[in-house]
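Scroll down for the structure; my scribbles are underneath it.
The values are calculated or read from the model by the stated rules, or taken from the named source; none is laboratory data. As the structure is a computational prediction, the values presented were derived from the model and not from experiment. Neighbour counts are summed over all protein chains in view; Cβ atoms, including those assigned to glycine, are modelled from backbone coordinates with ideal geometry. Just so you know, the surface numbers come from the protein's heavy atoms only, side chains and all, with ligands and any DNA or RNA stripped out. Shrake-Rupley method; radii C 1.70, N 1.55, O 1.52, S 1.80 Å.
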Amino acid sequence: MLKLRLLTAAVLIPLMIWAIFGLTSSQFSLVLAGIALVGAWEWAGLITLTKIWMRLLYVVVIGLLIATILAVPLSDSGLRCLLFIAALWWVGALIWVLRYRGQSGLTSRDVVIGVVGGVVVLVPTWLGLSELHGYSGNGPQWLLYVMILIWCADSGAYFTGRRWGRNKLAPHVSPGKSWEGVYGALAITLLVSLVASKLFELSTADLIWFLPLSMITVLISIVGDLLESLFKRRAGVKDSGRILPGHGGVLDRIDSLTAAGPVFALGLSLFGVRG
């Protein structure tokens with residue numbers, strides 16, 4: 001299994017880096033749209049829309065929403081509004097995660113929330129990452145920064161949690177995660193963001209917003225990971241899909257990014273870092 005995971009990663013990582021730096025923002029947005037549609041198919045399964053026509057309908061709805069935004073681009077205020085709604089969703093998701101006590105299955109109310117939630121998760125993720133890539137000058141670098149930040153924070157949380165983890169973060173959702181892991185993730189975040197601030201040539205004054213934004217982005221990315229774990233537990237599945245050998249589904253790989261991307265894009269927009 002480990003060999004298969006490494007082989008898949010060895011293919012995916014260079015492809016993603018090539019896409020980030022080798023494609024135009026319009027082309028990259030279409031690639032992201034394709035990923036979002038696969039994610040929609042998997043999300044539909046997690047919220048127990050098991051019939052093929054239901055899952056296809058959900059994919060079509062997500063696709064139409066993305067196509068509408070492509071056809072009628074959002075204003076700056078409209079963009080911020082949609083990203084802000086996504087941020088509010090993740091606050092609500094945190095409450096849902098903290099209140100979860102190991103229940104299996106989804107009630108009809110949960111399914112309705114899941115249907116709406118998938119829209120609020122997938123469309124802003126596509127929009128936020130597309131916007132980041134399109135920032136003039138160094139948009140691809142901003143996008144790569146968010147991805148590296150999440151990867152490094154996740155690794156920091158894993159190794160810190162294994163070494164010092166005692167206090168469980170959300171034992172009913174993900175027993176392996178601990179508060180010590182969160183602290184390790186934040187420590188790595190501080191280091192990575194300080195290095196990135198030099199590469200982006202940010203001023204000392206810019207650190208006042210850049211460091212907290214990076215910290216908040218990592219914290220919210222943990223909620224993204226936990227929420228997908230919650231849905232998988234309630235749906236009784238190990239992975240969201242099987243499209244990535246050794247890794248499961250697309251959502252299994254981007255769960256943290258679905259929360260982090262929109263929040264970071266909103267932060268940059270609010271602080272005027274936009275082309």
Decide, for the range 9-167, between rounded, prolate and oblate: order the square roots of the alpha carbon gyration tensor eigenvalues as a ≥ b ≥ c, take rounded if a/c falls under 1.5, and otherwise choose prolate if a/b is larger than b/c, else oblate. oblate
Separation in nanometres of the label points that stand 7 Å from Cα toward Cβ, at LEU12 and ALA67: 2.8 nm
With a 1.4 Å probe and every protein chain left in place, work out the accessible area per residue of the range 1-71 in Å², rounded to a whole number. 59 Å²
Quick one: among ASP110, ASP252, ASP76, which has the greatest mean-square fluctuation in a GNM of the chain with alpha-carbon springs under 10 angstrom? ASP76
Set Lys and Arg Cβ to +1 and Asp and Glu Cβ to -1, take the dipole of the chain about its Cα centre, and tell me which of PRO212, LEU57, LEU98 lies farthest positive. LEU98
Using θ = phi - 60° and the Karplus relation 6.51 cos²θ - 1.76 cosθ + 1.60, list the HN-Hα couplings for the range 220-233 in order, rounded to whole Hz, with x at every Gly or Pro. 6, 5, 5, 5, x, 5, 5, 5, 5, 4, 4, 5, 5, 5
Show me the ranking of peptides 143-152, 254-263 by mean Cβ neighbours inside 10 Å, starting with the highest. 254-263, 143-152
How big is the charge dipole of the range 193-236 about its Cα centre, in debye rounded to the nearest 20, if each Lys and Arg gets +1 on its Cβ and each Asp and Glu gets -1 on its Cβ? 300 debye
Take the residue pairs LYS168/LYS232; LYS51/LYS177; LYS177/LYS232; LYS168/LYS198 and return only those whose Cα atoms are more than 25 Å apart. LYS51/LYS177; LYS168/LYS198
Would you give the gap between the C-alpha center of the range 51-111 and the C-alpha center of the range 113-153, rounded to a whole Å? 14 Å
Segment VAL112-SER75, extension gain: residue separation times 0.36 nm, minus the distance between their alpha carbons: 10.4 nm
Run the helix sum for the chain: -39,500 (n - 2.57) per DSSP H stretch of 4+ residues, divided by residue count, reported at 222 nm to the nearest 500 deg cm²/dmol. -27000 deg cm²/dmol
Cα gyration tensor category, rounded, prolate or oblate, for the range 47-88 with a/c compared to 1.5: oblate
Using label points projected 7 Å from each Cα along Cα→Cβ, tell me how many nm separate TRP164 and ALA205, to one decimal. 3.6 nm
How about the range 68-135: which trypsin sites (Lys or Arg not before Pro) there lie in a loop by DSSP and see at most 12 other Cβ atoms within 10 Å? ARG101
Heads up, the range 120-212 by the C-alpha gyration tensor (a ≥ b ≥ c square roots of eigenvalues; a/c under 1.5 rounded, else a/b over b/c prolate, else oblate) looks oblate
LYS177 long-range amide H proximity, modeled H, under 5 Å: LEU169, ALA170
The chain, dipole about Cα centre (Lys/Arg Cβ +1, Asp/Glu Cβ -1), debye to the nearest 20: 960 debye
Quick one: putting +1 on the C-beta of Lys and Arg, -1 on the C-beta of Asp and Glu, what dipole do you get for the range 168-251 around its Cα centre, in Debye to the nearest 20? 480 debye
Loop-located trypsin sites (Lys or Arg not before Pro) in the range 184-245, at most 13 other Cβ atoms within 10 Å (DSSP): LYS238, ARG242
Would you work out the Kirkwood radius for the chain? I mean one over the mean of 1/r across all pairs of different Cα atoms, in Å. 19.1 Å
Within the accessible area of the chain, what % is carbon and sulfur when the probe is 1.4 Å and the other protein chains stay in place? 69 percent
Per residue, how much accessible area does the range 87-128 have with a 1.4 Å probe, in Å²? 47 Å²
Listed residues VAL120, TYR183, LEU230: farthest to the positive end of the dipole of the chain (Cβ charges): LEU230
